[in-house]
Structures are given as C-alpha cells and as structure tokens.
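This report refers to the structure that appears directly beneath it.
The values are calculated or read from the model by the stated rules, or taken from the named source; none is laboratory data. For clarity, every value in this text was computed on a predicted model and none was experimentally measured. Here the Cβ positions follow ideal geometry from the backbone for every residue, glycine too, while neighbour counts run over all protein chains shown. With ligands, DNA and RNA removed, areas are computed over all heavy atoms of the protein, side chains included. Shrake-Rupley method; radii C 1.70, N 1.55, O 1.52, S 1.80 Å.
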Amino acid sequence: MLTEPTLTSRHEDGWDVPLLVWRADRPLLAVSSAPLGGGMGVRNWVVNATVPMSYHRDDPAEHLAELAGQLGLDGPGVGLLTGVDVAEVVARTDTGVRVWATVGLGTPLQAAEPAPVEPAPVEPASVEPAESGARVGTVNIVIQVPVRLGDAALVNAVATATEAKVQAIRELGLAGTGTPTDAVTVLCPVDGAPAAYGGPRSTWGAPLARAVHAAVLAGGAGLVVPWSQRRTA
C-alpha cells in the first residue's frame with residue numbers, strides 16, 4: 001500500500017518549493033482526475049507539488065513527469081499541482097480508509113453557474129500583478145482503500161468523495177461546490193475479490209465519505225495563504 005507521504009522540496013526558479021511524495025510498496029490500481037496519471041490504471045506513486053500562484057506552464061503533465069524523474073520515481077504514477085503549501089496536508093482515517101487532503105478554498109464556485117458574459121475592457125493601469133492578493137483555490141484529495149474495488153466502484157468512489165467534499169464546503173459556510181482546479185485520486189490493491197460498490201452507504205464508500213469530509217472540513221477551517229505569497233511576505 002502507500003507509505004505515509006514524505007515532505008521534500010525541489011529547487012525551481014530560485015525557490016525551494018515543497019512537494020509531497022507517496023510511494024507504493026506494490027503497484028496499486030488507481031482512478032484519478034490528476035494532470036499526470038489521470039484516468040484508470042496501475043500506479044506506483046503519487047506526487048502533490050506546490051507551485052507559485054504565478055505558475056504559467058501549459059504542460060503540467062510534462063512538468064510533473066520531470067519532478068518524478070528528479071525524485072527517482074519509477075513506473076507510472078499520479079501527479080497533482082496546487083498553490084497550497086503541501087506541508088499543510090490533512091490526514092484522516094476511517095475503518096481502514098486513509099485520506100490525505102490539501103485544501104485551498106479561496107476561489108469557491110458552484111459547479112453549475114450561468115455562462116460567462118464577455119468582460120468589459122479594463123484599463124491597463126488598473127491591472128494588478130498576478131501575485132497581488134492571490135487567493136489559493138485547489139482541493140487535492142488522495143484516498144487509499146484497503147481492498148480491491150471493482151471498476152464501477154472506483155468511479156463511484158470518486159463521486160462519493162466529491163459529495164463528501166461538497167458537504168464539508170457547505171458546512172464551512174462557503175457558497176460553492178469546489179474550485180475550478182480540484183482533483184481526486186482513489187487507489188486500492190490490484191488483486192483480491194473486487195467490491196462492487198463505492199457509494200456513500202456501501203461498505204467502503206461510507207468510511208471513505210466520512211474521512212474525506214473530516215479532512216476537507218479540517219483543512220478548510222482556517223485561512224489558507226498561497227505558499228508563494230506567504231514566502232515573499
């Protein structure tokens with residue numbers, strides 16, 4: 001299964017930027033919405049990397065693959081990015097399900113909102129630098145289930161995790177269902193009799209929901225300052 005995450009850093013653009021690394025003692029089956037290793041397949045590791053709020057690369061998967069190479073990670077894995085300081089990861093366990101979350105809720109939105117209206121022109125003099133007043137807004141959730149989930153159950157587990165996240169966000173008093181850049185990864189063993197269900201009242205979906213809810217509630221309870229903004233303060 002996954003190790004507890006190791007907090008490390010990489011030197012990038014003159015900064016020592018934090019990242020979390022999980023290694024699997026044997027390959028795990030995963031479903032993920034991450035930029036690197038998204039979809040469904042066997043994965044050997046997970047990386048959750050902090051980036052500055054000025055991050056502008058348009059090749060996040062390639063960037064994460066570079067970081068994995070620097071870390072000596074072998075085989076396929078999952079790579080996540082966030083403006084949150086990943087040292088602030090929140091971990092929760094419920095009935096054998098393990099959840100880790102980095103929670104940035106500075107840009108909450110409702111999933112279904114009216115189509116955007118073309119903005120009015122802005123005078124250049126009124127435009128602030130991208131870093132000024134930046135609000136971090138990404139919730140990355142990594143979940144480990146101790147038994148094999150069937151393919152449909154894995155997909156259902158992603159939905160269950162999202163429902164639990166939304167429940168926590170509502171209890172935090174925020175008018176949103178998430179942020180534009182949230183990601184979730186669910187991992188389980190590749191062998192064993194597959195559990196058929198991952199919904200919120202299933203054997204493994206229920207503790208998964210409770211652990212995700214608890215992690216997001218705890219991580220979102222305080223003000224989260226973007227790592228790069230705090231570093232330059």
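Before moving on, here are some points about what is shown:
- Residue within the range 92-104 that is farther than 29 Å from residue 197 by Cβ and modelled with pLDDT under 95 present: no
- Residues in the range 43-53 that are surrounded by 21 or more Cβ atoms within 10 Å (Cβ to Cβ) and over 14 Å from residue 77 (Cβ atoms): 50, 51.
- In the set 122, 147, only one residue is assigned to a loop (DSSP other than H, G, I, E, B) and either open to solvent by less than 10 Å² (accessible area, probe 1.4 Å) or modelled with pLDDT of 95 or more (or both); that residue is 147.
- Residue in the range 184-233 that is farthest from residue 90 (Cα to Cα), counting only those that are open to solvent by less than 10 Å² (accessible area, probe 1.4 Å) and in a strand (DSSP E or B): 189
- Of all residues in the range 207-233, those satisfying the criterion of being of a type in the set (Gly, Ala, Ser) and touching a residue at least 40 places away in the same chain (Cβ under 8 Å) are 209, 211, 214, 215, 218, 219, 220, 221, 228.
- Selection count, the range 174-228, where residues are within 15 Å of residue 108 (Cα to Cα) and of a type in the set (Asp, Glu): 1
- Note on the range 1-56: enclosed strands (runs of 3 or more DSSP E) holding 1 or more residues that are within 18 Å of residue 183 (Cα to Cα) and out of contact with any helix residue (DSSP H, G or I) (no Cβ under 9 Å at 6 or more places or on another chain) are 15-32, 39-50.
- Selection of the range 1-42 for residues being at positive phi and open to solvent by 60 Å² or more (accessible area, probe 1.4 Å) yields only 13.
- Residues of the range 87-124 that turn out to be more than 15 Å from residue 216 (Cβ to Cβ) and in contact with a helix residue (DSSP H, G or I) (Cβ under 9 Å, 6 or more places away or on another chain), as a count: 4
- Considering (1) in a helix (DSSP H, G or I); (2) in contact (Cβ under 8 Å) with a residue 24 or more places away in the chain; (3) open to solvent by 50 Å² or more (accessible area, probe 1.4 Å), the lone condition that residue 66 does not fulfil carries the number (2).
- Residues satisfying the stated conditions in the range 69-103, i.e. of a type outside the set (Val, Ile, Thr), outside any strand (DSSP E or B) and open to solvent by less than 20 Å² (accessible area, probe 1.4 Å): 77, 83
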